[in-house]
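Peer 1: Dropping a structure here in structure tokens format, bear with me for questions.
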Amino acid sequence: MKTKLFAAVLILIVVVTDVSSFARAAGSSITTVISSEDSYVDSAQPTANFGGVVTMLIRSNTSTQRGLLRFNLSTIPANAQISSAILKLSVSTDGSPVAGNINMVIGSWTENTVTYLTAPQVGALIQALPNPASPSSSISIDLTSYVIGKSIVDFYITSPNGDGVKYYTHEKSTTKAPQLVITWAVDPTLTSTAVSMQTSTPTQMTTNTQPSSVTPTSSLPTSTITPASNSILTFSPVADTYVQADLPTSSFGSSTQIVVDNSPIKNLLLKFTVSGVDTRSVLSAKLRLYCLDASPFGGEFHRLADTSWSEGTVNWNNAPSADLGSVATLGKVVASTWYEVDVTALITGDGTFGLKALSTSTDGAYYSSTQATAGFAPQLVITMSGTTPTVTTTPTNVSTLTSTTTSIPTVAQPNTFTPSPTVTAAPTQIPTGTVTPVITPNASPTSPTTVSDPIVMAAGDFICDSLTTSSTACQQMAASQVVVNQMPDAALILGDLCHTPSANCFNNYYAPSWGRLFSISHPITGNHEYLVTGAIYYFDYWNGIGIADGPAGNRSQDYYSYDIGSWHIIALNSQCSQVGGCNAGSLQYTWLQQDLQNHRNNCTLAYYHIPVFSSGGRANNNMKQIYTLLYNNNVEVVLNGHDHIYERFAPQDPNGLANALHGIREFIVGTGGANHTSIAAVQPNSEARNVDTFGALKFTLHPDRYDWQFMPIPGKTFTDSGTAFCH
């Protein structure tokens, strides 16, 4: 019987491999894990529990239904290396052209108690399911990178589409239940399929401030930098791996994680090649590591005098010996956190330097390697003395940026990065950390502000539920007063005006607060507006009861554009299912193409509710093709809400890669008065974040550039400001 069962599973994997090119290494094992818990929640039945149903409904229409999955991976050996994790879902007889998305789950839940009201927060998009979800079919998706290193895995299944799909749950049968098909081996050399996402060439940067954030700095346009006084050089490893005592001939150079453990014994190895220090004095050298799995002991770090080893061939048997005396130790570490280790004693100048980390704990520490997600690889940050910097850059039209920010208050842990209270950046230097300005040689002098340069202010996510609007968690009056006091030329309303839309909310809560700015407001819808069919209360408030067109645009669209000063401003609808989609060929996309062709302004700003990038956990790819269209047409700024936080990103492309020359700078301003939400996971290129301050973002729109300043409500001190040139 066991032989037959294994054969059946093997045939399934061969079929998946043929369709989706998921590799299975020779000598590996396959374990199919059935969901231990699965359910869905329904906004139309917010107190109902669906833990015992045989299908879960996934849809976003007049109400929202989303599924929850949990897999217990305890059957996978603790020392196994997972090379593949494929989620398989069985579609019921009720299919859909849109299969949905797999998102992170932020919070706890249980199958038999979860309801819409108690459900955990929907986290960041992991991956979109392949379309369509045909009736009585199955869908497979590779989630390997998300599963590695976890013993319990939770997923949300969400959909932006009104045509729902029903997936079977484990209550239906073991053959129809959601499955994770895990390919693993205790010998990682047989299963490792990771592909390096970074080069071994060190990334060099120059700065005049101390590191102040947990976000690694992305590389910039082609620049040759001669380091300045008290400047910083940041290097990526040329090799990072680990060796394991009970697998003495195995190499782990392609692993996405580097490990230090005492059961089984695993020693972490790192190698950096340092250049650019020359004859200057090294003031400090800090090793930065991003923790993937918590441990009571982060490791004891020793110098490796022998640096001739290679990550592709080194193993336990041939690994070099470390010095007896330790360079540094790292105490307790927790997951999803950056740690900093002082290795100043190791770095003496230019050259190649090696480190080995050991542990006395049987609960090992796991860190991200250069083969993992870009932006989370180890770093060596060297601060040194020197002379005045000189900068030579190939591009001559690079955006200028001067920035000042007050970082998120954090509770400091030993060896974690604690942001400095204020970071100020000069135009010719690059601070690492919460603020990352762009080097701008050959830039034109900044022209003074004139009376003709308009001021616009923006915020989203305004009114809590009507019964809680007097709570201190709801500050729509104070936040709107910030804008009223500034007397701007325009107010950009970024969606989710009322958490629970009703005539009462708009007339008695929104109108007395943000409604004071009605005559200068340019609104867009959020997801909450469409909790009522057609967003009727929203359009009735802005356009008049039953009137099709008005300040909110046409009821069937809610996308439009206009000019303010010399700038072109574009208001878009991120509720794609309500406007016929957002992808290429859709009505909104086609309209936007034409609008961009017709308005060749030097500077352009766009805004819509749901962000493509966010550290708040609720980003979504539904607007990615529109974001790409904006990027291809040199749009400067995108404004969003949805996450009730403030966040600013460095200019980046549609794939989230830093691009100082052509990238879009995204701001999330969900600070209009509704309750705050939290940071789920800091995303690459995030430069400033705050989760406890209501207020609004002020822009001064010059003909060739823009100034921004976040303005808090009274009693709060967080701010973020800067200037950047248009493309």
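The values are calculated or read from the model by the stated rules, or taken from the named source; none is laboratory data. As the structure is a prediction and not an experimental result, all values here were calculated from the model. Neighbour counts run over all protein chains shown; Cβ positions are idealised from the backbone, glycine included.
Peer 1: Pick from Ala473, Ala491, Ala478, Ala458: which is surrounded by fewer than 23 Cβ atoms within 10 Å (Cβ to Cβ), within 26 Å of Met711 (Cα to Cα), among the small types (Gly, Ala, Ser) and at pLDDT 90 or above?
Peer 2: So the residue among Ala473, Ala491, Ala478, Ala458 that is surrounded by fewer than 23 Cβ atoms within 10 Å (Cβ to Cβ), within 26 Å of Met711 (Cα to Cα), among the small types (Gly, Ala, Ser) and at pLDDT 90 or above is Ala478.
Peer 1: Something else about it: When you look at Tyr559, is it assigned by TED's automatic domain parsing to the domain that holds Gln594 and buried (at least 18 other Cβ atoms within 10 Å of the Cβ), yes or no?
Peer 2: When the stated conditions are applied, Tyr559 passes them.
Peer 1: Scanning for something in contact with a strand residue (DSSP E or B) (Cβ under 8 Å, 6 or more places away or on another chain) and modelled with pLDDT under 50, does segment 226-243 turn up at least one residue?
Peer 2: There is at least one residue in segment 226-243 that is in contact with a strand residue (DSSP E or B) (Cβ under 8 Å, 6 or more places away or on another chain) and modelled with pLDDT under 50.
Peer 1: Suppose we filter segment 638-681 for residues that are surrounded by 20 or more Cβ atoms within 10 Å (Cβ to Cβ), under 16 Å from Tyr706 (Cα atoms) and hydrophobic (A, V, I, L, M, F, W, C); how many remain?
Peer 2: So the answer is 7.
Peer 1: Still on this structure, I have one more. Of the numbered conditions (1) modelled with pLDDT under 95; (2) closer than 24 Å to Pro703 by Cβ, Ala584 fails exactly one; give the number of that condition.
Peer 2: (2)
Peer 1: What tally of residues in segment 526-575 results from selecting those that are touching a residue at least 24 places away in the same chain (Cβ under 8 Å) and part of a loop (DSSP other than H, G, I, E, B)?
Peer 2: Adding up the residues that qualify gives 14.
Peer 1: Here's a check for you: in segment 242-265, which residue that is touching a Leu at 6+ places or on another chain (Cβ under 6 Å) and of a type in the set (Val, Ile, Thr) is nearest to Lys150 (Cα to Cα)?
Peer 2: Ile258
Peer 1: Moving on to the next point. Go through segment 131-155 and report how many residues are of a type outside the set (Phe, Trp, Tyr) and touching a helix residue (DSSP H, G or I) at 6+ places or on another chain (Cβ under 9 Å).
Peer 2: 4
Peer 1: When you look at Gln597, is it free of Cβ contacts under 8 Å to residues at least 40 places away in the same chain, more than 29 Å from the chain's Cα centre (by Cα) and closer than 21 Å to His662 by Cβ, yes or no? Before the answer, list the steps.
Peer 2: Numbers: free of Cβ contacts under 8 Å to residues at least 40 places away in the same chain: yes; more than 29 Å from the chain's Cα centre (by Cα): yes; closer than 21 Å to His662 by Cβ: yes.
Criteria met by Gln597.
Peer 1: Determine which member of the set Ala85, Ala119 is part of a loop (DSSP other than H, G, I, E, B), in the same structural domain as Asn161 (by TED's automatic domain parsing) and under 26 Å from the mean Cα position of the chain (by Cα). Step through it out loud before you land on a result.
Peer 2: On the way: Ala85 fails: part of a loop (DSSP other than H, G, I, E, B).
Residue meeting the stated conditions: Ala119.
Peer 1: Looking at Ala335, Ala345, Ala328, which is the one that is of a type in the set (A, V, I, L, M) and modelled with pLDDT under 85?
Peer 2: Sole residue among the options that is of a type in the set (A, V, I, L, M) and modelled with pLDDT under 85: Ala335.
Peer 1: Which number in (1) over 26 Å from the mean Cα position of the chain (by Cα); (2) hydroxyl-bearing (Ser, Thr, Tyr); (3) not in a loop (DSSP other than H, G, I, E, B) marks the one condition that Ser140 misses?
Peer 2: (1)
Peer 1: Hey, which of the strands (runs of 3 or more DSSP E) in segment 658-725, taking only ones fully inside, have at least 1 residues that are more than 16 Å from the chain's Cα centre (by Cα)?
Peer 2: 695-701, 705-712, 720-725
Peer 1: Go through segment 283-306 and count every residue that is over 31 Å from the mean Cα position of the chain (by Cα), outside any strand (DSSP E or B) and hydrophobic (A, V, I, L, M, F, W, C).
Peer 2: 1
Peer 1: Exactly one condition in (1) at pLDDT 90 or above; (2) farther than 19 Å from Ser140 by Cα; (3) crowded, with 20+ Cβ neighbours inside 10 Å is false for Ser60; which is it?
Peer 2: For Ser60, the exception is condition (1).
Peer 1: Inside segment 604-634, can you point out the residues that are assigned to a loop (DSSP other than H, G, I, E, B), among the hydrophobic types (A, V, I, L, M, F, W, C) and touching a residue at least 60 places away in the same chain (Cβ under 8 Å)?
Peer 2: Once the filter is applied, which keeps residues that are assigned to a loop (DSSP other than H, G, I, E, B), among the hydrophobic types (A, V, I, L, M, F, W, C) and touching a residue at least 60 places away in the same chain (Cβ under 8 Å), segment 604-634 yields Ile610, Phe613, Ala619.
Peer 1: Being under 26 Å from Thr31 (Cβ atoms), of a type in the set (Val, Ile, Thr) and at pLDDT 90 or above is true for just one of Ile152, Ile86, Ile148. Which residue is that? Step through it out loud before you land on a result.
Peer 2: Numbers: Ile152 fails: at pLDDT 90 or above; Ile148 fails: at pLDDT 90 or above.
Going through Ile152, Ile86, Ile148 in turn, just one is under 26 Å from Thr31 (Cβ atoms), of a type in the set (Val, Ile, Thr) and at pLDDT 90 or above: Ile86.
Peer 1: Next up: From Gly565, Gly585, Gly534, grab the single residue that is surrounded by fewer than 17 Cβ atoms within 10 Å (Cβ to Cβ) and more than 29 Å from the chain's Cα centre (by Cα).
Peer 2: Gly534
Peer 1: Check segment 66-78 and report whether any residue there is assigned to a loop (DSSP other than H, G, I, E, B), free of Cβ contacts under 8 Å to residues at least 24 places away in the same chain, on the phi > 0 side of the Ramachandran plot and not hydroxyl-bearing (Ser, Thr, Tyr).
Peer 2: Here is the first cut: in segment 66-78, the residues assigned to a loop (DSSP other than H, G, I, E, B) are 73-78.
From the residues that got through so far, the ones that are free of Cβ contacts under 8 Å to residues at least 24 places away in the same chain too are 78.
With on the phi > 0 side of the Ramachandran plot added as a condition, the list becomes none.
No.
Table: residues versus (1) touching a strand residue (DSSP E or B) at 6+ places or on another chain (Cβ under 7 Å); (2) surrounded by fewer than 14 Cβ atoms within 10 Å (Cβ to Cβ); (3) part of a strand (DSSP E or B); (4) touching a residue at least 24 places away in the same chain (Cβ under 8 Å).
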{"residue": "Gly312", "(1), (2), (3), (4)": "no, yes, no, yes"}
{"residue": "Ala322", "(1), (2), (3), (4)": "yes, no, no, yes"}
{"residue": "Trp338", "(1), (2), (3), (4)": "yes, no, yes, yes"}
{"residue": "Ala357", "(1), (2), (3), (4)": "yes, no, yes, yes"}
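Peer 1: Which is farther than 24 Å from Ser574 by Cβ and either of a type in the set (Asp, Glu) or touching a Gly at 6+ places or on another chain (Cβ under 9 Å) (or both), of Thr158, Thr174, Thr113, Thr144?
Peer 2: Thr113
Peer 1: Taking the criterion of being surrounded by fewer than 21 Cβ atoms within 10 Å (Cβ to Cβ), of a type outside the set (S, T, N, Q) and in the same structural domain as Ala377 (by TED's automatic domain parsing), would at least one residue in segment 258-267 satisfy it? Give the steps one after another, and end with the answer.
Peer 2: First, pick out the residues of segment 258-267 that are surrounded by fewer than 21 Cβ atoms within 10 Å (Cβ to Cβ): 262-265.
Still in the list and also of a type outside the set (S, T, N, Q): 264-265.
Adding the requirement that they be in the same structural domain as Ala377 (by TED's automatic domain parsing) leaves 264-265.
The answer is yes; a qualifying residue exists.
Peer 1: Look at Asp94 and say whether it is among the acidic types (Asp, Glu) and under 19 Å from the mean Cα position of the chain (by Cα).
Peer 2: no
Peer 1: Looking at (1) touching a Ser or Thr at 6+ places or on another chain (Cβ under 7 Å); (2) not in a loop (DSSP other than H, G, I, E, B), can you tell me which one Arg648 breaks?
Peer 2: (1)
Each row is one residue, and each column tells you yes or no for (1) assigned to a loop (DSSP other than H, G, I, E, B); (2) over 17 Å from Ile545 (Cβ atoms); (3) touching an Asp or Glu at 6+ places or on another chain (Cβ under 8 Å); (4) not assigned by TED's automatic domain parsing to the domain that holds Trp708.
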| position | (1), (2), (3), (4) |
| --- | --- |
| Leu492 | no, yes, no, no |
| Asn504 | no, no, no, yes |
| Tyr509 | no, yes, no, yes |
| Pro512 | yes, yes, no, yes |
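Peer 1: A further question follows. Looking at segment 160-169, which of its residues are touching a Lys or Arg at 6+ places or on another chain (Cβ under 6 Å) and either closer than 15 Å to Leu69 by Cα or free of Cβ contacts under 8 Å to residues at least 60 places away in the same chain (or both)?
Peer 2: So in segment 160-169, the residues touching a Lys or Arg at 6+ places or on another chain (Cβ under 6 Å) come out as 164, 168.
If the condition is that a residue be touching a Lys or Arg at 6+ places or on another chain (Cβ under 6 Å) and either closer than 15 Å to Leu69 by Cα or free of Cβ contacts under 8 Å to residues at least 60 places away in the same chain (or both), then Tyr168 is the only one that fits.
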